[in-house]
Amino acid sequence: MSQEVRGVIAPGKDEPVRVETVVVPDPGPGEAVVRVQACGVCHTDLHYKQGGISDDFPFLLGHEAAGVVESVGEGTTEVEPGDFVILNWRAVCGRCRACRRGRPWYCFDTHNARQPMTLASGTELSPALGIGAFAEKTLVASGQCTKVDPEVSPAVAGLLGCGVMAGIGAAINTGQVGRGDSVAVIGCGGVGDAAIAGSRLAGAARVIAVDIDERKLRQAESMGATHTVDSSSTDPVEAIRELTDGFGADVVIEAVGRPETYRQAFYARDLAGTVVLVGVPTPEMRLELPLLDVFGRGGSLKSSWYGDCLPSRDFPMLIDLHRQGRLDLEKFVTEKIALDEVEHAFDRMHAGDVLRSVVVF
Ligand code: APR
Ligand code: ZN
Ligand code: ZN
């Protein structure tokens, strides 16, 4: 028996989103229906609405979510009804070469729910990042659910499903920030701020926040940045060198996704340092570098995919740290909103007014 719920639909390219009735089927084998309790508004949802990710309209938006498992299909072992879970983009197979080599975030055989959710008219919906959680209930693959401690607020837990995990993971997983390191983070939105928090968690001694917006720099300080650089008026590469005794940072994390900030990240690191690229560029962007600089500076240039996270390892760990007061995830929630306020939240995000608006049910 399918059920009808309310969900936020992006009907067509650049059209305003709207709340419509969504038909959620009963979970089939390896699937789960989750009663969503909170879902953050992420840039990727806006990109879906703008047609920048795929033409597969209509989309059921939302993918940064936590909730309670309502029912599971046959053969589901990961979770059971009543479990409090954080959703992740894709269930990994656990068997392919990438999974076996300990890099499941590059799994060749990821999957989402097999059955479609539809509009009342029967039109199939494309769930954003295989989740579609701006809805009272959603259907996912059971492997997309990670059970965590239910004592934490859903608004906070959901954030780990995307942006905050991407930023923290860029620091602790990809960048392998260590005790005493100097770290520079270029771009202090939700992802960059999470990278700052992750760097502090990992024991970095200096954490330099770089942004072109003063408001973001003040916020970065509250996340644990020890120094700030306004790169609209100061050369950030020079400033980072000065703040690191002339050397450059051990780890530089780029969280903007533009050629000029990729270049800054490349030159702002110490010799043999690490550059972590978490900002996502567009297909036409290019970066030209003298090969002698690539060769001569040593170290490594790494991109960070979903914070190189392993949900079953990282989600419960970060929830534990939050509960112990060692990682304040509440700071990332700027406002809690209702389902019909997502369009307005996109405007506020675009204006740089919020870190995260979170829909709560
Ligand atoms: N130099 C420094 N900071 C910049 C620059 C620049 N040239 N241009 C923009 N910024 C800052 C903005 O002021 C903002 O604070 O980068 C930040 C970007 O933050 P958000 O727009 O909130 O984006 P966020 O959600 O943090 O994601 C950042 O990471 O995962 C990727 O797709 C995501 O590419 C995006 C990036
Ligand atoms: Zn996202
Ligand atoms: Zn795999």
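The values are calculated or read from the model by the stated rules, or taken from the named source; none is laboratory data. Note that this is a predicted model, so its numbers are computed, not measured. Here Cβ is always computed from backbone atoms with ideal geometry, including for glycine, and neighbour counts include all displayed protein chains. Surface areas here come from the heavy atoms of the whole protein model, side chains and all, with no ligands, DNA or RNA. Shrake-Rupley method; radii C 1.70, N 1.55, O 1.52, S 1.80 Å.
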Could you compute the net charge surrounding E70? Neighbours are other residues with a C-beta less than 13 Å from the C-beta of E70; K and R count +1, D and E count -1.
-3
Ignoring ligands and nucleic acids, M223 exposes an accessible area, probe 1.4 Å, in Å² to the nearest 10, of 20 Å²
Calculated [θ] (222 nm, deg cm²/dmol) that DSSP helices of n ≥ 4 give over the chain, each run adding -39,500 (n - 2.57)
-7000 deg cm²/dmol
With all protein chains present and a 1.4 Å probe, the order of H344, H350 from largest accessible area down is H350, H344
Could you tell me the center-to-center distance, by alpha carbons, between the range 295-334 and the range 120-136 in angstrom?
28 Å
In terms of the alpha carbon gyration tensor, root eigenvalues a ≥ b ≥ c, rounded if a/c is under 1.5 and otherwise prolate when a/b exceeds b/c or oblate, the range 181-267 is rounded
Using Cα centres only, tell me the gap between the range 78-116 and the range 208-247 in whole Å.
37 Å
Enumerate the amide H contacts of R269 below 5 Å, restricted to partners 5 or more residues apart or on another chain; note that Pro and chain-start residues carry no placed amide H.
A249
quick note, the chain, DSSP beta bridge pairs, % antiparallel (nearest 5) is 55 percent
Residue by residue through the range 29-44, the couplings from Karplus 6.51 cos²θ - 1.76 cosθ + 1.60 with θ = phi - 60°, in Hz, x for Gly and Pro, are x, x, 10, 9, 9, 10, 7, 6, 9, 7, 8, x, 8, 10, 4, 5
Which listed residue (G298, L321, L287) has the Cα farthest towards the positive end of the charge dipole for the range 270-323, taking +1 on Lys and Arg C-beta and -1 on Asp and Glu C-beta about the Cα centre?
L321
Between M285 and K336, how high is the FRET efficiency from 1/(1 + (r/R0)^6) when r is the Cβ-Cβ distance and R₀ = 25 Å? Nearest 0.05.
0.10
Enumerate the calculated ³J(HN,Hα) couplings along the range 182-193 in order (Karplus 6.51 cos²θ - 1.76 cosθ + 1.60, θ = phi - 60°), each rounded to whole Hz, writing x wherever the residue is Gly or Pro.
9, 10, 10, 10, 9, x, 10, x, x, 5, x, 4
Positive minus negative residues near S300 (Lys, Arg vs Asp, Glu; Cβ under 15 Å):
-3
Residues whose built amide H sits under 5 Å from the amide H of S2, excluding neighbours closer than 5 in sequence, are D26
With a point put 7 Å past each Cα toward its Cβ, work out how far E238 is from R101 in nm, to one decimal.
4.3 nm
Go ahead and set up a Gaussian network model of the chain, Cα springs under 10 Å, then flag whichever of T118, T138, T282 fluctuates most.
T282
Decide, for the chain, between rounded, prolate and oblate: order the square roots of the alpha carbon gyration tensor eigenvalues as a ≥ b ≥ c, take rounded if a/c falls under 1.5, and otherwise choose prolate if a/b is larger than b/c, else oblate.
prolate
³J(HN,Hα) across the range 214-225 via Karplus (A = 6.51, B = -1.76, C = 1.60, θ = phi - 60°), whole Hz, x for Gly/Pro?
3, 4, 5, 5, 5, 5, 4, 4, 5, 8, x, 5
Long-range amide H partners of I253 with built H, under 5 Å
A184, V185, I186, V276
From the protein chains alone at 1.4 Å, what is the descending order of accessible area for L271, L61, largest first?
L271, L61
Of the cross-linked pairs K137/K216; K137/K331; K302/K336; K49/K137; K13/K302; K13/K336, which ones have a Cα-Cα span greater than 30 Å in the structure shown?
K137/K216; K302/K336; K13/K302
